[in-house]
Amino acid sequence: GCDAELALATDKATVLELIDGRLGLLDAVRADRLLLRGAMRSVADFHDGLMAYLDGAVRCPSFPPLLDRYRRGA
């Protein structure tokens, strides 16, 4: 079994809309485009971690090529 504190399920289109800022995390959850299951603290920590990751990603010179490869499915 898995003792994960948080379960997440989504699709590539939703991930890209989150990265591009066209969709907020709460809106994705409310629209059933992103499933988060776990304790409220774990969900809040995930949100904070995702926002920190995306904030850092836009400043990282190697992120645009990685994102481009993800968009192309490479």
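The values are calculated or read from the model by the stated rules, or taken from the named source; none is laboratory data. Keep in mind that this is a model prediction, so the values were computed, not measured. For neighbour counting, all protein chains shown are included, and Cβ atoms are generated from backbone atoms with ideal geometry for every residue, glycine included. Note: accessible area is taken over every heavy atom of the protein model, side chains too, but ligands, DNA and RNA are not part of it. Shrake-Rupley method; radii C 1.70, N 1.55, O 1.52, S 1.80 Å.
Condition check for Gly49 on (1) at pLDDT below 90; (2) surrounded by 10 or more Cβ atoms within 10 Å (Cβ to Cβ): one failure, at (1). Against the conditions (1) under 20 Å from Arg71 (Cβ atoms); (2) in contact with a Lys or Arg (Cβ under 6 Å, 6 or more places away or on another chain), where does Arg33 fall short? Just the number, please. Among (1) under 20 Å from Arg71 (Cβ atoms); (2) in contact with a Lys or Arg (Cβ under 6 Å, 6 or more places away or on another chain), the lone unmet condition for Arg33 is (2).
Within the range 18-37, being open to solvent by less than 40 Å² (accessible area, probe 1.4 Å) and outside any loop (DSSP other than H, G, I, E, B) holds for Leu18, Leu25, Ala28, Leu34, Leu36.
Among the residues of the range 1-16 satisfying the criterion of being among the charged types (D, E, K, R) and modelled with pLDDT of 95 or more, which is farthest from Leu66 (Cα to Cα)? Of everything passing the filter in the range 1-16, Asp11 is farthest from Leu66 (Cα to Cα).
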